[in-house]
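The next block holds one structure in the form of structure tokens; read it before the comments.
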Amino acid sequence: MKNRKIFKDEKYGLFYMKNKTRDGRFREKRIRLPIGIIKNRIDEIKKDHNFTWKQFAETLNISEHTLRYDFRIKGNTLPFSVFQTILELNQKKNKKENINKKIKFLDAFWGQKHKNKANLKKIQQPELTEKYAEFFGAMLGDGCIFSNLSGICISGNSILDRSYLEKYVSPLIFKLFQLKPTIYYSNQSNSMRCIVYSKKIAEFLIQQKFPQGKKTFENLKIPHSFFKETKLLKACIRGLVDTDGSIFAHPNTRICLNISIYSGSLLNSCLKAFKKLNIKVGKYNKGINLYGTSKISNYFEKIGSSNVRNVLKYKIFKEKNYVPTSKEIESFLRENNTFSVKLPYHGPMV
């Protein structure tokens, strides 16, 4: 089922080939059902087939998050191929026919059929605030403007960065531009993307000197206007570190914060920013490091973090004098099924 390229349903007369776009969206009609029916069928199938969530998601050719949360909890519409597979897997024969009376068929890309119009929709022009500076910093880290100007994207890890992108970055973008992002999850890797389809936002960011398409490293830098206000500079660094930074244990200094920066112009710009903020850092050819308890504490007190993975690592270090690995944080988030750490965290840890 996972690798099915061509299928036909005799009952509904629907036929599909190569049913996904490059960004993982299904080129299919969608099925709307009451949320209780979807949840019950998913729970029944998982129990009957003794599936793990990962095995179940792979069988449906979707991500685990899409199965567990988008379909089961939120009741999102189902691509037809997923719906068909669920019918095939469901062994509660007496209940299967009852579904047919409650099905509503929707067009492919339902909810996005006015995408082209949305791309040209007017946006709210954001003011020069800390929120905008933090968003721009996240774009400097793991963001891009699509080469065809159809929108923007910020990428991350689907476990470690899920709360950050879903609960913080997505609402932040909506507050700034009054357009709601769409979250996509990869089926092949633990990656996710927060995308806004908007030519207006793309053009606005280009006017702010953010590069179009593949980042031109020689022109990537913190905007000059951010250096005029300390709060803007702090917010921009926070966004950059929350996307391209990492905290890990160090054998000599116990803790280290690393920022991967491959652009020479951005590296010089960041060094200038840290100097202005009176935060001592170490430079190397691919980024910046902060070593030791005092420097990391200084960083969190002055800049802080809006990303749960960074907050958890620092919190555990302060409490237990130990820096957990990213794998340990990932396991913790999976096992506890919680992303409720209070965010953003800016200021001294208490």
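The values are calculated or read from the model by the stated rules, or taken from the named source; none is laboratory data. The model shown is predicted, which means the values in this text are computed figures rather than measured ones. Note that each Cβ is placed from the backbone with ideal geometry, even for glycine, and that neighbours are counted across all protein chains shown.
Does Glu203 meet the test of being among the acidic types (Asp, Glu) and at pLDDT 90 or above?
Values: among the acidic types (Asp, Glu): yes; at pLDDT 90 or above: yes.
Here the answer is yes, as Glu203 does meet what is asked.
Out of (1) in contact (Cβ under 8 Å) with a residue 12 or more places away in the chain; (2) not in a loop (DSSP other than H, G, I, E, B), the odd one out for Phe210 is which?
(2)
Looking only at residues that are in contact (Cβ under 8 Å) with a residue 40 or more places away in the chain and farther than 12 Å from Leu257 by Cα in the stretch 274-295, which one is nearest to the chain's Cα centre (by Cα)?
This residue is Leu277.
When residues of the stretch 145-195 are filtered for being touching a Gly at 6+ places or on another chain (Cβ under 6 Å) and farther than 20 Å from Gly213 by Cβ, how many remain?
Going through the stretch 145-195 one residue at a time, the tally reaches 2.
Among helices (runs of 4 or more DSSP H) lying entirely in the stretch 86-189, which contain 2 or more residues that are at pLDDT 75 or above and charged (D, E, K, R)?
Working: elements: 93-100, 115-119, 130-142, 170-177.
Filter on the stretch 86-189 gives 130-142.
Examine the stretch 222-231 for a residue that is under 26 Å from Phe146 (Cβ atoms), among the small types (Gly, Ala, Ser), loosely packed, with under 14 Cβ neighbours inside 10 Å and touching a residue at least 24 places away in the same chain (Cβ under 8 Å), and state whether such a residue exists. So that I can check it myself, show each step before the final result.
Initial filter on the stretch 222-231 (under 26 Å from Phe146 (Cβ atoms)): 222-226.
Now narrow it down to the ones that are among the small types (Gly, Ala, Ser): 225.
Narrowing further to those that are loosely packed, with under 14 Cβ neighbours inside 10 Å: 225.
With the extra rule that they be touching a residue at least 24 places away in the same chain (Cβ under 8 Å), the set shrinks to 225.
Yes, because at least one residue in the stretch 222-231 is under 26 Å from Phe146 (Cβ atoms), among the small types (Gly, Ala, Ser), loosely packed, with under 14 Cβ neighbours inside 10 Å and touching a residue at least 24 places away in the same chain (Cβ under 8 Å).
Hey, does the stretch 294-305 have a residue that's under 22 Å from Asp161 (Cβ atoms) and basic (Lys, Arg)?
As a first pass, look at the stretch 294-305 and keep what is under 22 Å from Asp161 (Cβ atoms): 296, 299-300, 303-305.
Remaining after also requiring basic (Lys, Arg): none.
The answer is no, given that none of the residues of the stretch 294-305 is under 22 Å from Asp161 (Cβ atoms) and basic (Lys, Arg).
Considering only the stretch 143-158, state which residues are crowded, with 22+ Cβ neighbours inside 10 Å and in contact with an Asp or Glu (Cβ under 8 Å, 6 or more places away or on another chain).
Hits for the stretch 143-158 are Ile154, Gly156.
Collect the residues in the stretch 320-336 that are more than 19 Å from the chain's Cα centre (by Cα) and at pLDDT 90 or above, keeping them in residue-number order.
Lys320, Asn321, Tyr322, Val323, Pro324, Thr325, Glu328
Of the conditions (1) within 30 Å of Phe317 (Cα to Cα); (2) surrounded by 15 or more Cβ atoms within 10 Å (Cβ to Cβ); (3) within 22 Å of the chain's Cα centre (by Cα), Phe248 satisfies every one except a single condition; which number is it?
Single failed check for Phe248: (2).
Does the stretch 243-265 contain any residue that is at pLDDT 95 or above, farther than 17 Å from Tyr291 by Cα and out of contact with any strand residue (DSSP E or B) (no Cβ under 6 Å at 6 or more places or on another chain)?
Yes: one or more hits.
Which members of the stretch 37-71 meet the condition of being free of Cβ contacts under 8 Å to residues at least 60 places away in the same chain and under 19 Å from Leu106 (Cα atoms)?
Passing the criteria: Ile38, Asp70, Phe71.
Working only within the stretch 167-182, note down all residues that are under 15 Å from Thr243 (Cβ atoms), out of contact with any Phe, Trp or Tyr (no Cβ under 8 Å at 6 or more places or on another chain) and not aromatic (Phe, Trp, Tyr).
The one that is under 15 Å from Thr243 (Cβ atoms), out of contact with any Phe, Trp or Tyr (no Cβ under 8 Å at 6 or more places or on another chain) and not aromatic (Phe, Trp, Tyr): Ser170.
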